[in-house]
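Participant: My questions all concern the structure below.
Read the figures in this text as sums done on the coordinates, not as results from a lab. This one's a predicted model, so the numbers in the text were calculated from it and none came from an experiment. Note: ideal-geometry Cβ built from the backbone for every residue, glycine included; neighbour counts use all protein chains shown.
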Amino acid sequence: MKYNFDEIIKRSKTNSKKWNSTYYKSLFNNQEDLLSMWIADMDFRASDGIQNRLKKLIDFGVYGYGAIDDEYYNAIIRWNKFRNGWEVPKDAIIYTPGIVPAVNYILQTYTNQDDSVMIFSPVYGPFKRSIINNKRKVVEYSLLKDEENYYSMDFEEVEKLVKEKDVKMVIFCSPHNPVGRVWTKEELENIADICLRNNVLMVCDEIHSDLIFGDNKFVSYGNLDEKYRNNGIICNAVSKTFNLAGMQVSNIIIFDKILREKYKNTMALYNILA
Ligand SMILES: Cc1ncc(COP(=O)(O)O)c(C=O)c1O
C-alpha cells in the first residue's frame, strides 16, 4: 500500500506538544524563534492498517479496560522476528504505558536510594531526570566525538567509572538518541560484558531501532548471548516506528524470570498488570 509522505498536515491548532508554542516555549525559557524540532514526533498520519483497526474500535464505541490478549503478544513477537531475527518469549513481554514511566519503574525495582546509575551523554533527557527524581545518583560517561561528529566510547574508561562510582545500573540508548549511533555488536557486547563483570543491570532502550539509515545494521540486545540477555532489560515501543506516541504503549522485555517477577511486582503495585 502506497503512503503519501508529501501530504502536509497542519497540527499547529491541535493540542500537539510539538506544535503548541505556549507549551514548548515554557520548556525553553520562553525564547522566541524556536523551531518545532525538539521532540521525536512525526507529522505523518497513521498508516491505513492502523487507521482501519482504530476505526473498528471507534465504531464499537466502548473504551473500557482492556486485557492484553494473544493478538497483541503475537504482533510484538512477529514484528521483532521480522526486524531483528529473534523470537521474544511471550512471557518475557511486559506491557507498560510508556518507556519513560518504565524507566522510573525499573529504577524503583532494581536500585535503592543513592545508588549510582550510569548514562552515556549526551542522551535523551528524561533518563537523567528520572534518576534524579528517584533520588539515585547520576553517573555520566561523556561519549567521545571525533571531528566528523562520530561518537564512540573508551571501554576501559567506562569500566573504570563503573568501578569508581559503584554503579548499579546502566541505562543505554540503542540506537543512541541524540547522537545517532547504531551501536555495533562488538560495542554492545563490550558494555554488556562490563555490566556482567561488575554486577550491573543493563537497561537497553531500543525505541528508535526501526529507524535505521544507510549501511547501519541494528543489533538488538536480544541478539546477544543468553548470559547477557539474562542480565538485561530491553525497552521497546511502537511509538516512534509508527508515529503512535500518544497511545502510550511500550513493551518491556525481561528474559530472566527472577528479574521479571520483581518488575511485575512493581507493576502490580501501580495496578498496571496486563
Ligand atoms: C530514547 C527514547 N526513549 C523513550 C522515549 C519516549 O518513550 P515513551 O513515549 O514510550 O515514554 C523517547 C522519545 O523521544 C526516546 O527518544
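Participant: Under a cut-off of 24 Å between alpha-carbon atoms, report the lysines in cross-link reach of K135, not counting same-chain residues fewer than 8 places apart.
Facilitator: Result set, ordered by chain and number: K160, K163, K165, K168, K262, K264.
Participant: Before anything else, pin down the relative contact order of region 70-269: Cα pairs under 8 Å, at least 6 apart, normalised by residue count, whole percent.
Facilitator: Here the relative contact order equals 24 percent.
Participant: Let me test this: with uniform point scatterers at the alpha carbons of the chain, what is the Debye-based log₁₀ I(q)/I(0) at q = 0.12, 0.15, 0.16 1/Å?
Facilitator: Each listed q maps to, in turn, -0.83, -1.29, -1.44.
Participant: Considering the chain as a Gaussian network with a 10 Å cut-off on Cα pairs, which listed residue, N133, N251, N80, attains the greatest mean-square fluctuation?
Facilitator: For the chain, modelled as a Gaussian network with Cα springs under 10 Å, the answer is N133.
Participant: Which of the chymotrypsin sites (Phe, Trp or Tyr not before Pro) found in region 155-242 are in a DSSP loop and have at most 13 neighbouring Cβ atoms, other than their own, within 10 Å? Intermediate values should be presented prior to the final figure.
Facilitator: Details: sites: F155, F172, W183, F213, F218, Y221, Y228, F242; in loops: W183, F213, F218, F242.
Here the sparse-neighbourhood loop sites are F213.
Participant: Take the Cβ-Cβ distance between D114 and R53 as r, set R0 to 51 Å, and report the resulting FRET efficiency rounded to the nearest 0.05.
Facilitator: Numbers: r = 46 Å, r/R0 = 0.90.
So the FRET efficiency works out to roughly 0.65.
Participant: Here is a further query. Taking only Cα atoms and a 10 Å spring cutoff, compute GNM fluctuations for the chain and point out the largest among K217, K56, K128.
Facilitator: K56
Participant: For the chain, with a Gaussian network of springs between Cα atoms less than 10 Å apart, report the residue from V200, V62, V170 with the top mean-square fluctuation.
Facilitator: V62
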